[in-house]
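Down below is the structure, laid out as structure tokens.
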Amino acid sequence: MTGDVEAWVAAFRPRAEAAGISRATLDMALNGVALRPDVVEKDRNQTEFTRTIWDYLDKAVSDDRIAAGRKALKAQAHVLDRIEARYGVDRQVLLAIWGLESSYGVVRGDVPTVAALVTLASATRRGAYFERELLAALRILQEGDVTGAAMMGSWAGAMGHTQFMPSSYLALAVDFDSDGRRDIWSDEPGDALASTAAFLARYGWRKGEPWGVEVTLPLGFDYRLSGERIHHAAAEWQAMGVKQAGGGALPDCGPSSVLLPGGARGAAFLICPNFHVIEHYNPADAYVIAVGHLSDRIMGGGPILGDWPRGLRALTLDERIALQHGLTLAGFNAGGADGRIGPLTQAAIRAFQASIGVVPDGYASLDVLGRLP
Ligand code: CA
């Protein structure tokens, strides 16, 4: 394995030099770098790793994490005031991302970033993507914001309190405390939180608007209107009988969609443009809902009121691929068969369900799989 990585590094060095990384930086960062078998292992298992939305939320928005978030809201009030004023990003979403990514800085990751990225670039399917991130990491070292020894993070190359990838760091990290370094790794979270605010501002965060709200749907709701590809104004949803689950008017946040992350038998949400801003951090519905819900809970909001179909299990990767193949065979465009159930696959499920006369909620279930060719 060592021989392999040495050959890979030797071939990589001229590409890095052509991209502007100095020999001194390459020597310092790459001499003696070793593959990390644990990183290869985690990368392989990640796609197999599936949970239902309710299992994910139970863990991601636990009582402990809510309580720690409320503590952090007080402890960081001063820096959050200034970040909110400068970037126009609400404090609760920053706290929620911080909570999910590193348990508010407690678990920032102890894998050396360069070793993780060399491993991922040289020994995985997504080598080209990780080579770009490796080049970004080397540029960060070259610019002197952090030392190689201090540049640590997750097995996937994400770094610091809010788990920035190196390319996002280069594009958007800020030196908020003006000490001359953009330091997202240190115990002090100010630079990391401000960098996250800069990231969300860059993708269009709308201050004072929610990410979404839990809603109830009227009897006889047309489930073909669910999914993030269908947009209506709050007044239009209201006229159809969609109500905020806790009472009160629907938020008027412009074009919004009804999302059913657990299908028709699970909780329903009306999602606002800020939902799609959080998607830039991580596009999984479960992640975005967890960030949004945790942000609400930190500010004193209550739990999700709707039930989940807890008797259902998550589909395995093979089953999700079989589902996409089946949809394609049946004439519905699932957008390929990569095992990722995104908006296109959900829309295809909805169309298939409507064609056979079952509730078209777009939920990838064993029932749908069983009815496909
Ligand atoms: Ca700084």
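Is there a residue being open to solvent by less than 20 Å² (accessible area, probe 1.4 Å), farther than 22 Å from Tyr56 by Cα and not assigned by TED's automatic domain parsing to the domain that holds Ala173 anywhere in the range 223-235?
Kept after step one, since they are open to solvent by less than 20 Å² (accessible area, probe 1.4 Å), are these residues of the range 223-235: 226-227, 234.
Filter again for farther than 22 Å from Tyr56 by Cα, leaving 234.
Subsequent filtering for residues that are not assigned by TED's automatic domain parsing to the domain that holds Ala173 retains 234.
Within the range 223-235, one or more residues are open to solvent by less than 20 Å² (accessible area, probe 1.4 Å), farther than 22 Å from Tyr56 by Cα and not assigned by TED's automatic domain parsing to the domain that holds Ala173.
Here are some residues: Asp296, Asp307, Asp285, Asp318. Which one is without any contact (Cβ under 8 Å) to a residue 40 or more places away in the chain and acidic (Asp, Glu)?
Asp318
Looking at the range 189-202, can you tell me whether even one residue there is open to solvent by less than 10 Å² (accessible area, probe 1.4 Å), under 24 Å from Ala234 (Cα atoms) and more than 9 Å from the ligand (Cβ to nearest atom)?
Yes: the range 189-202 contains one or more residues that are open to solvent by less than 10 Å² (accessible area, probe 1.4 Å), under 24 Å from Ala234 (Cα atoms) and more than 9 Å from the ligand (Cβ to nearest atom).
Confirm whether Asp367 is part of a helix (DSSP H, G or I) and acidic (Asp, Glu).
Details: part of a helix (DSSP H, G or I): yes; acidic (Asp, Glu): yes.
So Asp367 fits the description; yes.
Considering each of Thr124, Thr162, Thr196 in turn, give the residue that is of a type in the set (Val, Ile, Thr), touching a residue at least 12 places away in the same chain (Cβ under 8 Å) and within 19 Å of Trp8 (Cα to Cα). Spell out the reasoning first.
On the way: Thr162 fails: within 19 Å of Trp8 (Cα to Cα); Thr196 fails: within 19 Å of Trp8 (Cα to Cα).
Result of the check over Thr124, Thr162, Thr196: Thr124.
Given the range 234-316, what helices (runs of 4 or more DSSP H) lie entirely inside it while holding 3 or more residues that are modelled with pLDDT under 95? Can you show your working first?
On the way: elements: 234-239, 273-279, 285-298.
Those helices (runs of 4 or more DSSP H) span 285-298.
In this structure, does Thr119 turn out to be open to solvent by 10 Å² or more (accessible area, probe 1.4 Å) and over 21 Å from the mean Cα position of the chain (by Cα)? Walk me through how you get there before you give the answer.
Values: open to solvent by 10 Å² or more (accessible area, probe 1.4 Å): no; over 21 Å from the mean Cα position of the chain (by Cα): yes.
It is false that Thr119 is open to solvent by 10 Å² or more (accessible area, probe 1.4 Å) and over 21 Å from the mean Cα position of the chain (by Cα).
So in the range 155-184, with the set limited to residues that are touching a Lys or Arg at 6+ places or on another chain (Cβ under 7 Å) and part of a loop (DSSP other than H, G, I, E, B), which one is nearest to the ligand (Cβ to nearest atom)?
Out of the qualifying residues, it is Asp175.
Can you tell me which of (1) under 22 Å from Leu294 (Cβ atoms); (2) among the aliphatic types (A, V, I, L, M); (3) open to solvent by 10 Å² or more (accessible area, probe 1.4 Å); (4) away from the ligand (no atom under 16 Å from the Cβ) is the one Val114 doesn't meet?
The single condition Val114 does not satisfy is (1).
Among (1) near the ligand (Cβ under 8 Å from one of its atoms); (2) surrounded by 18 or more Cβ atoms within 10 Å (Cβ to Cβ); (3) not basic (Lys, Arg), which single condition is Val215 missing?
(1)
The values are calculated or read from the model by the stated rules, or taken from the named source; none is laboratory data. If you're wondering where the values come from, they're calculated on a predicted model, not measured in any experiment. Note that each Cβ is placed from the backbone with ideal geometry, even for glycine, and that neighbours are counted across all protein chains shown. Quick note on the areas: whole protein, heavy atoms, side chains included, nothing else; ligands and nucleic acids left out. Shrake-Rupley method; radii C 1.70, N 1.55, O 1.52, S 1.80 Å.
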